[in-house]
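Beneath this line is the structure, given in structure tokens, with notes to follow.
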Amino acid sequence: MGRCNGRCTLVGFCCLQLVAALQRQVFDFLGYQWAPILANFLHIMAVILGIFGTVQYRSRYLIMYAVWLVLWVGWNAFIICFYLEVGRLSQERDFVMTFNTSLHRSWWMENGPGCLVTPVLNSKLAPEDHHVITVTGCLLDYQYIEVVSSAAQIFLALFGFVYACYVSKVFLEEEDSFDFIGGFDSYGYQAPQKTSHLQLQPLYTSG
């Protein structure tokens, strides 16, 4: 029963991670955030691998899933630092999220709760094929929405990592102690030796 609880809990956390990643993927697509889109795709694949490993008792898959979660925590920590502009990171100068291919920002910048977008006409600051806007009245700035989203991903990843390590450890212990019923090692089984039914009779010769 304890093993089932660990497995079920891990599957539950994986499902939460999957829903959160899909939701995040949608908004990153809307904001043309190519780096997060790629990372989210890899994360979704890793979570599916973790679910499969849990259901099919594959400890190797769970270990791979746990290793990915470490990288995922690091990526989300970087996103938090990026949007909070920790150190030399700057949203005005660095366009890491779009691989420096465009000036697009987070979708929440213009579509956050309460945000009012006003286009600035005839602005000399606008590059070619772009326009300048002002965003006012936001109840919560887009930076903090992205930070909260990344913090939630880290929270789920930490719990998933702990349970993945626990369940994989249980699987490995069961693999080490498992013996096939009727196996060669369990009961000292020895293959039956062939016996001949041919009986030797004495040979009599007449002198």
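Mean projection of the Cα convex hull over all viewing directions, computed for the stretch 12-108: 6.5 nm². Only protein heavy atoms count here; on that basis, with a 1.4 Å probe, L49 has an accessible area of about 50 Å².
The residues V67, V47, V117, sorted by heavy-atom accessible surface at 1.4 Å with ligands and nucleic acids left out, run V67, V117, V47 from largest to smallest.
Per residue, the average separation of C-alpha pairs within less than 8 Å and at least 6 apart gives the stretch 15-110 a relative contact order of 34 percent.
Pick out, in residue order, every one of the chymotrypsin sites (Phe, Trp or Tyr not before Pro) in the stretch 67-104 that is DSSP loop and has at most 13 other C-beta atoms within 10 Å; say none if there are none.
On the way: sites: W68, W72, W75, F78, F82, Y83, F95, F99; in loops: F95, F99.
Here the sparse-neighbourhood loop sites are F99.
Taking Lys and Arg as +1 and Asp and Glu as -1, the other residues whose beta-carbon sits under 10 Å from that of Y142 total -2.
Accessible surface of R7, taken over heavy atoms with a 1.4 Å probe and every protein chain present, rounds to 40 Å².
In loop segments of the stretch 45-123 as defined by DSSP, the GluC sites (Glu not before Pro) with at most 12 further C-beta atoms inside 10 Å of their C-beta are E92. Counting only heavy atoms of the protein chains and using a 1.4 Å probe, Y144 has close to 110 Å² of accessible surface.
The values are calculated or read from the model by the stated rules, or taken from the named source; none is laboratory data. Keep in mind that this is a model prediction, so the values were computed, not measured. No Cβ is skipped: glycine too gets one built from the backbone with ideal geometry, and neighbour counts run over all protein chains shown. The protein model used for the area step is the full one, side chains on, heavy atoms only, and it has no ligands, DNA or RNA in it. Shrake-Rupley method; radii C 1.70, N 1.55, O 1.52, S 1.80 Å.
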